[in-house]
Amino acid sequence: MPDAIMKYHSILCSVSWRGLGVPLGTPADVVAVLREAARKTAADPVFGEAMTKSNLIVSYQDGDQFKPFMNTQSDYFKKLLPTLVIQK
């Protein structure tokens, strides 16, 4: 693919991530239950099939992995957005 299309394709793929969060001070046992439920859901074949049918990719990341990923995404979009020519 030409670089211009790859860049555009990358933008489309980059914005489909989701994350779960809880308020600061949430008890650790509650966080553990929610974390395990999210992990199990992401690993469930039925859930995976539904996401595939929706053209979404499942990639479970726990907090220790998700935070640096989000920081990388934030840095990427801070650099990308000013370069885009968006017309109304």
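Tally the residues that are at pLDDT 85 or above and more than 22 Å from R18 (Cβ to Cβ), restricting the search to the range 70-85.
Matching residues across the range 70-85 total 3.
Restricting to the range 45-59, name every residue that is farther than 21 Å from G21 by Cβ and either among the aromatic types (F, W, Y) or not in a helix (DSSP H, G or I) (or both).
Of everything in the range 45-59, those that are farther than 21 Å from G21 by Cβ and either among the aromatic types (F, W, Y) or not in a helix (DSSP H, G or I) (or both) turn out to be S54, N55.
If you take the residues of the range 60-88 that are in contact with a helix residue (DSSP H, G or I) (Cβ under 8 Å, 6 or more places away or on another chain) and not in a helix (DSSP H, G or I), which of them is surrounded by the most Cβ atoms within 10 Å (Cβ to Cβ)?
Selected residue: Q61.
The values are calculated or read from the model by the stated rules, or taken from the named source; none is laboratory data. These numbers come from a predicted model, not from an experiment. For neighbour counting, all protein chains shown are included, and Cβ atoms are generated from backbone atoms with ideal geometry for every residue, glycine included.
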